[in-house]
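Each remark here refers to the structure printed beneath this line.
The values are calculated or read from the model by the stated rules, or taken from the named source; none is laboratory data. As the structure is a prediction and not an experimental result, all values here were calculated from the model. We place every Cβ from the backbone using ideal geometry, glycine too, and count neighbours over all the protein chains shown. The accessibility values were calculated without ligands, DNA or RNA, using every heavy atom of the protein model including side chains. Shrake-Rupley method; radii C 1.70, N 1.55, O 1.52, S 1.80 Å.
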Amino acid sequence: MPVSIHDKKYMLKLLGFKVSDEELVRNIENMGPNVKRIDAKEIEVEYPANRPDLISTLGLSRAVRYYMRKSRSFAYKIKQGEALTISVGSHVAVRPYIAALVVDKMQLGEDDLLDMINFTEKLSSTYGRQRGRIALGLHDMREVKGPLLYDAFEDEEFIPLGSKSKMRYSTVMDSDKRGRKYIGLCRSGGRYVALKDQKGTMSLIPVINSERTRVSAGTKRMLVDITGTTREVIERVADLLAADFMDRGFEVSRVSIRYRESSRSLPKMETRRFSIPLKQIDDELGVTVGFNNAIVLANKMGHEAALIGKKIAVSAAPYRLDIINEQDVIEDIAVGYGYDYIQPVPVPSSAIGRVEARSEANNSAREIMIGLGFGEAMNSYLTNEETNFAKMRHARETEYIDIVNPRSGMATMLRTWILPSLLRQLGQSMHDSFPLRIFELDMVFGIRRNVPAETYHLAAVSCHSQANFNEAKASLEGLLRGIGVACKFAEGRDESMIEGRCATVESDGKIIGFLGEIHPEVLTSFGIEEPTVGFEIDLNGWIGAESADSV
Amino acid sequence: MHRHELSVLAALKEKGKLSLGELLDATRLGKDEALWAIGNLQTQKLVSTDRHGEYEVRVSREGETYARSSLPELALLKKVGGKGAELGELRGKEEQIGISWAKRKGLAAVEGERLVPTDKGKAASKSGIEADTALKAIYKDGGAYARYRESDAAKELEQRKLIEVKARESITSIEITHQGVLALAKERQEEQEIESLDRRMIKSRAWAGKRFKPYNVGAPVEPAVAATRHPLRKTIDEIRQAYVGLGFTEVSGPIIEPAFWVFDYLFVPQDHPARDVQDTFFLGRPDRLAVEDAALVERVKREHESAWHGEWSRQVAMRAIARTHTTSVSGRYINKVIGEINSGKRHELPVKLFTVGRNLRNETIDPKHTADFYQHDGIIIGKDLTLANLFDVLTKLYKRLGIGNLRFKPMYYPFVEPGAQLLGKHGDEWIELGGAGVIRNEITGIERSKISVLAWGPGVERILLVKKEIDSIAELYGSSVGWLRKMGGV
């Protein structure tokens, strides 16, 4: 979950009532977020990814106030009329949508400004997917002269935020770290996405604003632009921001967006209404909520609610981007009710449980290996070509599953056999008392006719001064007899084994594996200092490739 | 001859001259036993020893008093000075002792009623007495005794019980004597003890009337190592048993999947961070996997586009990946069972399924982190299922797994609504165990009033970490044989 850090003093100021750390943490956590840390100065809160309204300290304190029933939600009233017009040009195909709002009567303290900036930054990076899905810009309206134009432009000059001199778009893109990071989001066909007013560039989107429209604590009137790839998403975010500003006591007016074919007056401040039978709520949660209580619970979550017949009519808070359908409202009522108060109720069922035939078969083979004195090992499914092939003196095959985005050289492919994993473990165990005997029964991966094949293998190794071919053969025969597999041995060859001391195992006319003495060069490459023997067999034929499936 | 003596002689005969330590190793006798045997053998002159002497000196309480002042005779000489003193004035206990020793050493003589120092006495009162000097030195440092050991002064101090000396000898080496060799040979001829029983003896009853050579039961041995199941496997099997006990049927599914079953079917939007290259392993070969059910793909596309508004890409959904959670298995079965119900197949509801399986997440791999981890996923498909039902089944499940104190808190996962996080009490702390919830209608494609699905997918290693003292999950995979032996038995 993403994390937001809140100034505690500011938080308490916004709450407007006294609360102990313990009570505050309990209430925040009961709503869903996790409090990672609380001290004299800060509160570090992990918020659910679908709740960007909890990023700002204002948003979190608003939720806590309602949840603790210290205040009721109110209907947001947006100012009549449109404060500004933004025309959308024809070149912004990479980032076709914009929304904007104008904030009036602002009185920003340093802490408000900081909270607002943190909010918009974090909103763009998390919910906005690193400014790909949405990016935000704040501008001081004093310097803005409408109407505005949103489009992709040829390379030109402006003074970027924090800079003293003019720079070209292309220079900002190439020299600025952020420019390079976001370049894919804003340049298309040699043009750059930007927002301009009558005086020039206001923002090179989504990289940097202009110095001219910089917002400060003295800003009284502000323009917020929101750009992105999905109209619905940026328009919902405009609602979220409008609510946030109104909750700070500011006024918000709409901005008219003129696309070529249509125009929008934003923010819409749309209220989503749901009408849910009370019985449905009770039925889904398994508790009896009660009529009056249902309204209180909806209010606790910041929603307007009323009873109409046997239904509860809920107007969802406009900043709650996560409320899509009535299921989301019912969840909110459950959260308001408090998960701690939902008493467990058994599911009436007379079903009889059953394990899968395959896992039972595997466990019986494991049991025999343990009886033969081999301890069970478990290794990663991931390996690299070095371990899987080179150290085993094998040429690199082509039919294996490789990973295109490994984070380390340790894990570049899925293992095709288990023996290398076991030998690696032996190499790490030279200080343990001998004999060393381990086995593993688990999955290996390959490709058969362009389709991934997941196969159960069993491999075992025995390492001690007297280890020889016959020991390996004795163990393998013991295993196969134990699991009821008839087999034949024939002279075999594997580059990882000593020539003349290797055999294949055949069952039902198919070679299912091999055994032998591990080649000394292989031992050396794994750091093994004593003779080692081993075997590896494919168990899929025995287990049955598919589990008995009669669900 | 006692068996300890015999084994000492035998070892010395075989190996020649040995140090005590070597002898202990060779005979596996305890130190007391060996010293006792050596003592006996030495008195019979069957072995000879080289010894290294050491002394332990203790100053008696009386000696301590004098060491802090002086010996009484010296104190006396100093008191009476060159002219001597009336005997009548010297009635103290120490003075009496002083007089007696001064006289004996010729330091003073009694003349009439006076004690008068001799010339030797006068000199001594200035330069001191050797016994006094020695006492003071030994009192200060017991080691000083070595210097005085042969001197009269030391003997005198010992005699006067001012110091107590104990000789402590340590054996540096032991050797068998010629007589010892003969004695051993004789003893061996007479030996009637049975060393080890064999088949012939059992059949012929040759053991009757003989003595079995006893073992030293206290002697240390190298313990045998038990082969065991892996601790993680034990936990997995405990979980499987717990599910079966609650009436669940085990299922499984592929590890290599198209992203569709891991994400898209589960309503995870295509731009969700969990689908990043940072979190998910994308496969190069094969790079795409098909989803057979075209109608299902179409429905998923519709649901995504209506909820997340962006365009839903078939290409992205067909990318081959390693599953990042076993919820993909739950998803496949939700789709299968609800599909069958919709097409008229009779299922006895609720259908209760579980899987325990391995997943891979694109972690930076180091000694503390691994990409591999296990999850157990359960689903209940049925009518009229509630959040209260979900809490009940999870409480029962974890109780069976030894975690009796469970809590739920709201949590967001894209595939459930409502969603909950499970927390288990471990000591004083609440530990996050994993997620649960009611599967979204967008996934099931059916109204909740008809069918709803409870689902959960917590981690397996967490349970192991809570119950056993394991530092990190990474330890569980590919650890040394020594680690497996240590942890396997627990």
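Taking the criterion of being facing another protein chain (nearest Cβ under 9 Å) and of a type outside the set (A, V, I, L, M), the residues of the stretch B:436-450 that qualify are B:437, B:440, B:441, B:442, B:448, B:449. Among the numbered conditions (1) open to solvent by less than 30 Å² (accessible area, probe 1.4 Å); (2) under 28 Å from residue B:410 (Cβ atoms), the only one that residue A:39 does not meet is (1).
The number of residues in the stretch A:443-491 that are open to solvent by less than 60 Å² (accessible area, probe 1.4 Å), without any contact (Cβ under 8 Å) to a residue 24 or more places away in the chain and within 14 Å of chain B (Cβ to nearest Cβ) comes to 2. If the Cβ limit is 8 Å and pairs must be 6+ apart or interchain, which residue in the stretch B:452-477 that is of a type in the set (Asp, Glu) pairs with which residue that is modelled with pLDDT of 85 or more and not in a helix (DSSP H, G or I)? Going by the 8 Å Cβ cut-off, the qualifying pairs are B:461/B:373; B:461/B:374.
You will find that of A:71, A:90, the residue that is assigned to a loop (DSSP other than H, G, I, E, B), over 29 Å from residue B:309 (Cα atoms) and either assigned by TED's automatic domain parsing to the domain that holds residue A:196 or polar (S, T, N, Q) (or both) is A:71 and no other.
Of all residues in the stretch A:323-330, none satisfies being buried (at least 22 other Cβ atoms within 10 Å of the Cβ), more than 20 Å from residue B:447 (Cβ to Cβ) and more than 7 Å from every other protein chain (Cβ to nearest Cβ).
Pick from A:227, A:213: which is of a type in the set (S, T, N, Q), buried (at least 24 other Cβ atoms within 10 Å of the Cβ), farther than 18 Å from residue A:130 by Cα and at pLDDT 90 or above?
A:213
Within the stretch B:27-45, the set of residues being open to solvent by 40 Å² or more (accessible area, probe 1.4 Å) and either on the phi < 0 side of the Ramachandran plot or of a type in the set (A, V, I, L, M) (or both) comprises B:31, B:32, B:33, B:35, B:36, B:40, B:42, B:43, B:44.
In the stretch B:288-335, the qualifying residues are those that are farther than 26 Å from residue A:133 by Cα and surrounded by fewer than 17 Cβ atoms within 10 Å (Cβ to Cβ), and the one that is farthest from the other protein chains (Cβ to nearest Cβ) is B:295. Here residue A:288 meets the list (1) part of a loop (DSSP other than H, G, I, E, B); (2) more than 14 Å from every other protein chain (Cβ to nearest Cβ) almost entirely, failing just condition (2). Of the residues contained in the stretch B:219-238, none is found to be closer than 30 Å to residue B:318 by Cα and at the interface with another protein chain (Cβ under 8 Å from one of its Cβ atoms). A search for C-beta distances below 9 Å between a residue of the stretch A:202-213 that is among the β-branched types (Val, Ile, Thr) and any residue that is in a loop (DSSP other than H, G, I, E, B) and crowded, with 24+ Cβ neighbours inside 10 Å, counting only pairs 6+ apart in sequence or on different chains, returns A:205/A:186; A:207/A:186. Among the residues of the stretch B:454-490, which ones are facing chain A (nearest Cβ under 10 Å), open to solvent by less than 10 Å² (accessible area, probe 1.4 Å) and more than 20 Å from the chain's Cα centre (by Cα)? Matches in the stretch B:454-490: B:454, B:478.
Somewhere in the stretch A:230-238, is a residue part of a helix (DSSP H, G or I) and without any contact (Cβ under 8 Å) to a residue 40 or more places away in the chain? Looking for residues that are part of a helix (DSSP H, G or I) and without any contact (Cβ under 8 Å) to a residue 40 or more places away in the chain, one finds at least one in the stretch A:230-238, hence yes. If you check A:273, A:254, A:248 for being under 30 Å from residue A:86 (Cβ atoms), touching a residue at least 40 places away in the same chain (Cβ under 8 Å) and surrounded by fewer than 15 Cβ atoms within 10 Å (Cβ to Cβ), only one passes: A:273. Residues in the stretch A:13-35 that are in a loop (DSSP other than H, G, I, E, B) and touching a helix residue (DSSP H, G or I) at 6+ places or on another chain (Cβ under 9 Å): A:16, A:17, A:18, A:19, A:31, A:32, A:33.
Select, from A:379, A:384, the only residue that is within 36 Å of the chain's Cα centre (by Cα), crowded, with 16+ Cβ neighbours inside 10 Å and at the interface with chain B (Cβ under 7 Å from one of its Cβ atoms).
Testing whether each residue is within 36 Å of the chain's Cα centre (by Cα), crowded, with 16+ Cβ neighbours inside 10 Å and at the interface with chain B (Cβ under 7 Å from one of its Cβ atoms) leaves just A:379.
Contact map, the stretch B:201-218: residues that are closer than 18 Å to residue B:5 by Cα paired with residues that are open to solvent by 90 Å² or more (accessible area, probe 1.4 Å), Cβ distance under 7 Å, separation 6+ or inter-chain. Pairs shown: B:211/B:192; B:213/B:195; B:216/B:28. Checking each residue of the stretch A:106-119 against the condition of being open to solvent by 30 Å² or more (accessible area, probe 1.4 Å) and touching a Cys at 6+ places or on another chain (Cβ under 9 Å) gives no match. Cβ-Cβ distances below 7 Å connect the following pairs, each with a first residue in the stretch B:96-113 that is open to solvent by less than 20 Å² (accessible area, probe 1.4 Å), a second residue that is in a loop (DSSP other than H, G, I, E, B), and a separation of six or more residues or different chains: B:99/B:90; B:107/B:118; B:108/B:118. Residues in the stretch B:239-256 that are more than 7 Å from chain A (Cβ to nearest Cβ), open to solvent by less than 30 Å² (accessible area, probe 1.4 Å) and not small (Gly, Ala, Ser): B:239 alone.
Applying the criterion of being open to solvent by less than 30 Å² (accessible area, probe 1.4 Å), small (Gly, Ala, Ser) and touching a residue at least 12 places away in the same chain (Cβ under 8 Å) to the residues of the stretch A:397-428, the residue that is farthest from the other protein chains (Cβ to nearest Cβ) is A:427. Here A:76, A:66 are screened, and the one residue that is surrounded by 15 or more Cβ atoms within 10 Å (Cβ to Cβ), more than 14 Å from every other protein chain (Cβ to nearest Cβ) and closer than 17 Å to residue A:238 by Cβ is A:76.
Filtered by the rule that a residue be facing chain B (nearest Cβ under 7 Å) and either surrounded by 18 or more Cβ atoms within 10 Å (Cβ to Cβ) or of a type outside the set (S, T, N, Q) (or both), the stretch A:341-357 gives A:342, A:344, A:345, A:346, A:347, A:349, A:351, A:352, A:353, A:354, A:355, A:356. In the stretch A:196-223, the qualifying residues are those that are in a strand (DSSP E or B) and touching a Gly at 6+ places or on another chain (Cβ under 7 Å), and the one that is nearest to the other protein chains (Cβ to nearest Cβ) is A:203. Note on the stretch B:362-402: residues that are touching a helix residue (DSSP H, G or I) at 6+ places or on another chain (Cβ under 7 Å), surrounded by fewer than 20 Cβ atoms within 10 Å (Cβ to Cβ) and facing another protein chain (nearest Cβ under 7 Å) amount to 2.
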